[in-house]
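One structure below.
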Amino acid sequence: HRPISDDQAPRPAVEGPVPQPPSHLPAGAKAYWHRIAAGLHADGLLAERYEMALAIHCWDVSLWIDAVEVLKSQSDNSTRGLTIITEKGNEIQNPVLGTANKAAEAVLKTADLFAMTPDSAQRIRAVPLNEGQDDPASAYC
């Protein structure tokens with residue numbers, strides 16, 4: 001864990017409209033983008049340069065949801081879709097479970113980038129600019 005610094009400079013709000021999701025994202029990922037983008041933008045965590053990271057996060061969330069839905073559809077009372085029987089009669093882990101697990105891991109990694117986990121949220125202080133307030137970062141542009 002990184003220590004929380006008392007003198008950590010707060011992030012100013014990002015100006016301009018909330019970015020739209022990239023056209024190549026699947027529908028589920030776009031829906032998730034629309035659900036979270038405005039809040040991230042208002043907190044100063046979604047600027048144009050971060051769109052690719054958010055697109056990957058949304059795609060991973062969509063992939064995880066799709067994998068969970070497939071597992072649910074393959075579920076029976078005894079295995080809950082977690083295992084399958086091979087052509088030779090062996091019971092093995094359902095490959096979709098591996099996909100779901102990898103997607104969940106990726107979701108948590110990218111969620112950390114946008115302060116969407118309890119630990120990462122404590123490390124980032126985002127404050128919106130008050131109307132008429134100058135952006136302190138503009139001195140570096």
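Report yes if Gln93 is open to solvent by 60 Å² or more (accessible area, probe 1.4 Å) and either without any contact (Cβ under 8 Å) to a residue 12 or more places away in the chain or in contact with a Gly (Cβ under 6 Å, 6 or more places away or on another chain) (or both), otherwise no. Can you show your working first?
Numbers: open to solvent by 60 Å² or more (accessible area, probe 1.4 Å): yes; either without any contact (Cβ under 8 Å) to a residue 12 or more places away in the chain or in contact with a Gly (Cβ under 6 Å, 6 or more places away or on another chain) (or both): yes.
Spelling it out, Gln93 is indeed open to solvent by 60 Å² or more (accessible area, probe 1.4 Å) and either without any contact (Cβ under 8 Å) to a residue 12 or more places away in the chain or in contact with a Gly (Cβ under 6 Å, 6 or more places away or on another chain) (or both).
Considering every residue within segment 48-60, establish whether at least one is at pLDDT 95 or above, buried (at least 18 other Cβ atoms within 10 Å of the Cβ), closer than 19 Å to Val18 by Cβ and small (Gly, Ala, Ser).
Yes, some residue in segment 48-60 is at pLDDT 95 or above, buried (at least 18 other Cβ atoms within 10 Å of the Cβ), closer than 19 Å to Val18 by Cβ and small (Gly, Ala, Ser).
Using the structure shown, decide if Gln133 is surrounded by fewer than 17 Cβ atoms within 10 Å (Cβ to Cβ) and at pLDDT below 90.
In short, yes.
So how many residues does segment 61-90 have that are of a type in the set (Val, Ile, Thr), in a helix (DSSP H, G or I) and open to solvent by 60 Å² or more (accessible area, probe 1.4 Å)?
Qualifying residue count for the region: 1.
Please tell me if Arg35 is at pLDDT 85 or above and either in a loop (DSSP other than H, G, I, E, B) or surrounded by 11 or more Cβ atoms within 10 Å (Cβ to Cβ) (or both).
Yes; evaluated as a whole, the condition is true for this residue.
May I ask you to list the residues in segment 1-32 that are modelled with pLDDT under 65 and surrounded by fewer than 14 Cβ atoms within 10 Å (Cβ to Cβ)?
His1, Arg2, Pro3, Ile4, Ser5, Asp6, Asp7, Gln8, Ala9, Pro10
The values are calculated or read from the model by the stated rules, or taken from the named source; none is laboratory data. What you see is a predicted model, and the numbers here were worked out from it, not measured in a lab. Backbone-built Cβ (ideal geometry, glycine too); neighbour counts: all protein chains shown. Each accessible area value is taken on the protein alone, full model and side chains, heavy atoms only, with ligands, DNA and RNA left out. Shrake-Rupley method; radii C 1.70, N 1.55, O 1.52, S 1.80 Å.
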